Amino acid sequence: MANKAEAVSLRKGLSEVVEVILDHDSFVLLEHQKPDGDCVGSGLALVQALRSLGKQALLVSDDPHPAVYDFLPGRRFHTRAGYLKPEDFHPQVAIFLDCTDPERAGRGLEFAAGKVWVNIDHHVSNRSFGAVNLVDPTAAATGELVYDVINELGIPIDKDIATCLYVAILTDTGGFRYQNTTKETHLLAAELLERGVNGSEIFDCVFETRTVSSIMLLSKVLSTLKLYRGGKIASVTLTQEMMRASGASSEETEGIIGYPRSIAGVEVSLFFKESDEPGKVHVSFRSRSLVDVAAVAQSLGGGGHPRAAGALIDGTIEEVTEKVMSYLDKLDVWTDF
Ligand code: 5GP
Ligand code: MN
């Protein structure tokens, strides 16, 4: 088996993570709230890999997995935090996946109390909160790091595990289109394809299959489009009322931010989403090439990557829009282009 880890020096923290896994028998794998494809794919890959070693392992998320990932293998090893009592499940180790900080796991955090914490993530804003930390912002997806862990453990990567890892990488690179996509990302994707992954079928399932309700919702959200700063900032807004009227679920909002982002001349795009938690608005940030939106989101209580970030902010849509716009106004980048 070609071993990618042998070709390059080991990532910092990798051998410590592998040691913790080899030294223990039972694991809870924790995803962040509103899990995305990277989180779901990384979790399902790692839970199957640990099980193949004869370990006890369960993948736990606070929110449900988006239905679009229902085709992925390993779902029988996944449950939601609300469906299981922490006192009924006593793993030795909690592995946080794709979480900048432990709170991102939401109610999943209840299963981590008193356990050994392993932190596997690729966000620049990661707080290195684990007893061992495999955090590498140069990785396009947490799935890349999970691949290294599985490989280093000597576990054969079968088609099922490869499919989950492929989805993790495919989704966090926006289909190999974002700046985080490197030669290494493509080499790893090629290796996963070699294990039997059906790339075109997965692309069709993940990116080209939409529900009618999501298209109805898209039309409503796009009608809210606003431009600021002479067209350098674009925003769209989603209210709970639009959700009700379209019959869409929150996961069906995935991908909408791509529309304002694609407008010629737009540097920063914003998606204001009225949260189902009353009095809060989730903001998604994207930037094309200049603005570090991870820093913007972090200063507003969230986090993310330089070109894609998010934050959950207190207030009404109007108040949160005002807060974000006045923060962006203070940046001194607008005259640079
Ligand atoms: P999205 O806009 O697709 O929800 O998220 C983009 C990126 O920002 C993802 O990497 C995600 O992990 C991060 N992100 C989104 N929302 C939040 C949030 O509320 N808090 C933090 N810390 N990160 C977030
Ligand atoms: Mn990720």
Subject >> Low-density loop positions, GluC sites (Glu not before Pro), segment 194-280 - DSSP coil, at most 13 other Cβ in 10 Å >> reply: GLU208
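Order of PHE337, PHE96 from fewest to most other C-beta atoms within 10 Å? The partial results should precede the final answer.
Numbers: PHE337 10, PHE96 28.
The order, fewest Cβ neighbours first, is PHE337, PHE96.
Sorted from fewest to most neighbouring beta carbons within 10 Å, what does the list LEU134, LEU30 look like?
Ranking LEU134, LEU30 by Cβ neighbours within 10 Å, fewest first, gives LEU134, LEU30.
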Original post:
So what are the chain's ellipsoid semi-axes, whole angstrom, largest first, if each one is the square root of 5 times an eigenvalue of the alpha-carbon gyration tensor?
Top reply: 33, 22, 20
Original post:
What are the radius of gyration and Dmax of segment 248-292, computed over its Cα atoms and given in Å?
Top reply: 12.0, 34
Original post:
If the cut-off is a Cα-Cα distance under 15 Å, which aspartates and glutamates reach LYS12, setting aside same-chain residues fewer than 8 apart in sequence?
Top reply: ASP121, ASP136, GLU144, ASP148, GLU152
**OP:** Among the lysines, select those whose C-alpha is under 24 Å from the C-alpha of LYS55, and discard any that sit fewer than 8 residues away in the same chain.
**Re:** LYS85, LYS115, LYS159
**OP:** From zero up to wherever the largest Cα-Cα distance of segment 33-149 sits, split into 5 Å bins and tell me the percent of pairs in each.
**Re:** 2, 12, 23, 27, 23, 11, 2, 0
Original post:
Hey, got the dipole for segment 130-220? About the Cα centre, +1 on K and R Cβ, -1 on D and E Cβ, debye to the nearest 20?
Top reply: 440 debye
Subject >> For the chain, with +1 on Lys and Arg beta carbons and -1 on Asp and Glu, the positive-most of ILE233, ALA162, ALA308 along the dipole >> reply: ILE233
Original post:
Each residue of segment 146-157 in turn: what ³J(HN,Hα) in whole Hz from Karplus with 6.51, -1.76, 1.60 and θ = phi - 60°, glycine and Pro shown as x?
Top reply: 5, 4, 4, 5, 4, 5, 5, 6, x, 7, x, 8
Subject >> Set of lysines with alpha-carbon distance to LYS220 below 16 Å, sequence-local pairs under 8 removed >> reply: LYS273
Original post:
Tell me, how many Å apart are the Cα centres for segment 27-81 and for segment 104-134?
Top reply: 15 Å
**OP:** For the chain, give the magnitude of the charge dipole about the Cα centre (Cβ charges: +1 Lys/Arg, -1 Asp/Glu; no others), in debye to the nearest 20.
**Re:** 540 debye
**OP:** Please report the relative contact order for segment 183-330, taking Cα pairs under 8 Å with a sequence separation of at least 6, and give it as a percent rounded to a whole number.
**Re:** 15 percent
Original post:
Once you charge only the Cβ atoms, +1 for Lys and Arg and -1 for Asp and Glu, what is the size of the charge dipole of segment 212-336 about its Cα centre, to the nearest 20 debye?
Top reply: 380 debye
Subject >> Cα gyration tensor shape for segment 212-336, rounded if a/c is under 1.5, else prolate or oblate >> reply: prolate
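Values in this text are rule-based calculations from the coordinates and carry no lab data. The model shown is predicted, which means the values in this text are computed figures rather than measured ones. Here the Cβ is made from the backbone with ideal geometry for all residues, glycine too, and neighbour counts use every protein chain on show.
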